[in-house]
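Report on the structure given below.
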Amino acid sequence: MQVKTYTGPSTQAVLAQIKSELGPDAVILSTRSGRKEGRRFCEVTAGVERNGNGSTPHGAGAAADGGDPSQLPVGWESWHREWSCIKEHLLALMKPGLRLEQLTPRQRLALEFLEREGVEDTVLMSLYRRLLTSPGASVLEPLTGMVPVKPWSREAWPQRVHVFAGPFGSGKTTTLVRMALRGQGAESAGGRVQVVNADCERGNGRLLLRHWAELSGFGYAEAADDGAMRAALDCDADRVFVDLPGLARGETLTQRLAHLGLGGDDVAVHLVLPPHCGGQQTADFVNRYRAPGTASIVWTKLDEACTYGTLVNVAAANGLPVSALSFGPGLRGSLVSASESALWRLVFKRQLPGRTSDGPAARQP
């Protein structure tokens with residue numbers, strides 16, 4: 001392991017230097033702060049595992065991107081827990097020192113609202129720093145840069161194969177049917193749609209997919225391994241939608257995609273998540289379902305959530321764009337392409353797409 005100690009005037013400056021020199025796989029080993037000659041300083045010792053050629057080993061980076069967790073370097077989990085604990089303490093010490101009076105009343109109110117909605121401290125700190133450099137700017141300006149949007153459309157998503165992955169009960173099968181119904185319409189220019197069920201062990205989703213395929217004129221196939229998947233994809237369909245089962249404990253999305261032979265530039269993987277899971281659980285889902293082909297997030301069950309800070313947290317931490325928003329029990333009229341206006345109305349006003357008001361809870365700071 002390469003270990004190095006960095007010193008700077010602030011924690012942010014030192015962490016930026018560590019990330020620049022050692023990369024995102026660096027692990028914080030120890031921290032110390034104090035005063036020297038009347039000036040504050042922060043000292044951080046960080047380390048990163050290197051191969052003989054100086055590159056980061058496959059384990060740390062791959063596991064962070066959904067690779068094989070068995071290839072993590074020895075002690076990685078312990079270092080990660082220690083760094084998470086240190087980060088929480090640093091944030092707790094930094095928050096009272098924020099000079100919110102330097103922001104406009106509207107900016108302060110927006111930050112306070114986002115905190116109540118469950119937006120994490122790291123995101124709020126980043127917003128605070130950006131707003132300080134833009135006096136009078138709307139909080140939506142930095143938020144838009146932190147939460148990317150890539151609307152679901154034929155032009156934005158030209159891939160032939162679209163895979164829907166996520167934990168059990170997140171709404172993958174319903175989302176797939178909704179997407180397939182949209183793909184059968186004007187977006188597909190008359191092309192044929194094929195749905196593929198890779199969740200062959202559970203009956204509910206299997207019956208639902210087959211039922212809607214028959215009613216809607218979709219092609220239907222089942223694939224439990226790479227051979228069956230190749231046969232299912234070898235069709236004349238213009239677009240293919242694949243329903244993946246939830247991952248078993250210890251399994252990663254990369255492993256599941258490799259088992260099914262799914263990959264390449266013509267395959268886009270969409271992570272399907274509900275917004276009402278706890279922060280730690282959502283972070284675990286995102287890490288386990290991250291893979292080289294993961295391209296976007298589809299938020300489902302929006303009508304069941306009371307706050308929407310999770311949408312901001314996940315996007316800010318992982319950079320995955322939001323492609324679609326799903327809500328309600330029906331299959332038609334309950335999924336829309338994501339847009340910045342719809343997203344921020346949802347976060348700040350709790351207003352579902354297509355509605356002018358969402359009852360007494362709909363409010364804006």
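Can you give the log10 of the normalised intensity I(q)/I(0) at q = 0.10 Å⁻¹, computed with Debye over equal Cα scatterers of segment 119-258?
Relative scattering, expressed as log10 I(q)/I(0), comes to -0.47.
Heavy-atom accessible area per residue, segment 252-355, 1.4 Å probe: how many Å²? Walk me through the numbers on the way to the answer.
Details: 3820 Å² over 104 residues.
Value for segment 252-355: 37 Å² per residue.
I'd like the Karplus ³J(HN,Hα) series for segment 142-150: coefficients 6.51, -1.76, 1.60, θ = phi - 60°, whole numbers in Hz, and an x wherever there's a Gly or Pro.
x, 4, 4, x, 8, 10, x, 10, 10
Rounded to the nearest 20 Debye, what is the dipole magnitude of segment 226-365 about its Cα centre when Lys and Arg each give +1 and Asp and Glu each give -1 at the C-beta?
Values: 13 positive and 13 negative charges, 131 e Å.
It comes to approximately 640 debye.
Indicate the gyration tensor shape class of segment 209-360 (rounded, prolate or oblate), computed on the Cα atoms with a ≥ b ≥ c the square roots of the eigenvalues: a/c under 1.5 is rounded; otherwise a/b larger than b/c is prolate and the rest oblate.
Working: a/c = 2.25, a/b = 1.43, b/c = 1.57.
Verdict is oblate for segment 209-360.
Go through segment 247-354 and name the trypsin sites (Lys or Arg not before Pro) that are in a DSSP coil and have 10 or fewer other Cβ atoms within 10 Å of their Cβ. Don't skip to the answer; put the middle values down first.
On the way: sites: ARG249, ARG256, ARG288, ARG290, LYS301, ARG332, ARG345, LYS349, ARG350; in loops: ARG249, ARG290, LYS301, ARG332, ARG350.
In loop regions of segment 247-354 (DSSP not H, G, I, E or B), the sparsely surrounded trypsin sites (Lys or Arg not before Pro) are ARG249, ARG332.
Could you give me the ³J(HN,Hα) list for segment 33-45, computed from phi with Karplus coefficients 6.51, -1.76, 1.60 and θ = phi - 60°, whole Hz, x at Gly and Pro?
Computed from phi, the couplings for segment 33-45 are 9, x, 10, 9, 6, x, 10, 6, 9, 10, 10, 10, 9 Hz.
The values are calculated or read from the model by the stated rules, or taken from the named source; none is laboratory data. As the structure is a computational prediction, the values presented were derived from the model and not from experiment. No Cβ is skipped: glycine too gets one built from the backbone with ideal geometry, and neighbour counts run over all protein chains shown. Each accessible area value is taken on the protein alone, full model and side chains, heavy atoms only, with ligands, DNA and RNA left out. Shrake-Rupley method; radii C 1.70, N 1.55, O 1.52, S 1.80 Å.
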